[in-house]
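The next block holds one structure in the form of structure tokens; read it before the comments.
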Amino acid sequence: MSATRAEMVLLREALEGVVAPEIATALLFDALEISGSKPPRSLEETRSFAEQALAEAVRRKVRPEDASQILRIIDDLFARAIEGDGVAVDVEVDHEAWGESDPTATTQMAVVQKPVPVVVLGASEAFAERLTACLGEDRVYAVAVVDEAAFRKAVFAYSPLIVLIDATSPAAVEPRALTAMLRGVPVSAMPVVWGSESGWARAVLPGLEDAGVPLVTLRREEGIEPLLDLVLARFRGDA
């Protein structure tokens, strides 16, 4: 797992000063998906990310009357934070527009008071990098793996509480091998399939279900919030 750049931490903290942490996290993840690139790695890249991808994510999910004000405050916070000044903000966002999380989704989950270990199986490190960038290394320890051998090593080494299968960019793992891999994870680890509407997922999920593998399936179109809820509930002890 690569370290989160200080500039990205600054941007996340600035955003959390404007909206609720859960909303800030979801906005950052959406913005990273919009950008289609790795998390910004310099001050210049971070500013560009905030002005373009993050601004688009805010306008998509926040009421129009709030979006421009929030973006102005974020810009001001970012500039002043670089200078070492503090800024007080008071902006209300319509939280009802985001919906409510299902309180039963995490009732059987173990919780920790340290970064939640998450093993992400996919074709690249992109999803794990985005998860780390939007949640922060103090809340999640996301380990990217691309094949069966790396998956088994990571599960043994990190004892993940969540095993995430990125069905939007799946790893080249045979369905039979995937079934064995998921059946072998600790009982404390929750297998989660992100992008269950994808063609790959539709082909693989029936076999996993027939094999009795317990799964949480999340559709990409529903947004990242349900997945973030699973991670944060384990971290905060909300379950």
Gain upon complete extension [Glu65, Glu197; 0.36 nm per residue less C-alpha separation]
44.2 nm
Label point distance in nm, Lys153-Val187, each placed 7 Å from Cα along Cα→Cβ:
2.9
What are the equivalent ellipsoid semi-axes of segment 116-236, built from the alpha-carbon gyration tensor (square roots of five times its eigenvalues), in whole angstrom, biggest first?
20, 16, 14
For Lys114, which lysines qualify as cross-link partners when the Cα separation must be under 22 Å and same-chain residues fewer than eight apart are set aside?
Lys153
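Every number in this text was worked out from the coordinates using simple rules, so none of it is lab data. Being a predicted model, the structure only gives us computed values, none of them experimental. Here Cβ is always computed from backbone atoms with ideal geometry, including for glycine, and neighbour counts include all displayed protein chains.
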